[in-house]
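We did not get these values from a lab; they are worked out from the coordinates using the rules stated. Since this is a predicted model, take the numbers as computed values, not measurements.
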């Protein structure tokens, strides 16, 4: 069965989906997960990222004006 949820309806995202959702690169999202800046869980070789954590990270950056590194 194909998952027809839109990105803004998904609770858990892959790095690719999070990158598309935030208009950033997949490597940027993966590096933010690896560094712990975005809270995520690694399941085998795959990252599972709660959408709320992605949104919170970018909201915090917008409030402080800090660049994403």
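Assorted remarks:
- Taking every alpha-carbon pair under 8 Å whose residues sit at least 6 apart, the chain reaches a relative contact order of 29 percent.
- Full extension of the chain between residue 45 and residue 16 yields a length gain of 9.1 nm, computed as 0.36 nm times the residue separation minus the alpha carbon distance.
- The chain: angle of helix 51-64 to the longest principal axis, Cα-based, in degrees nearest 10: 20 degrees
- For the chain, alpha-carbon Rg over 2.2 N^0.38 Å: 1.08
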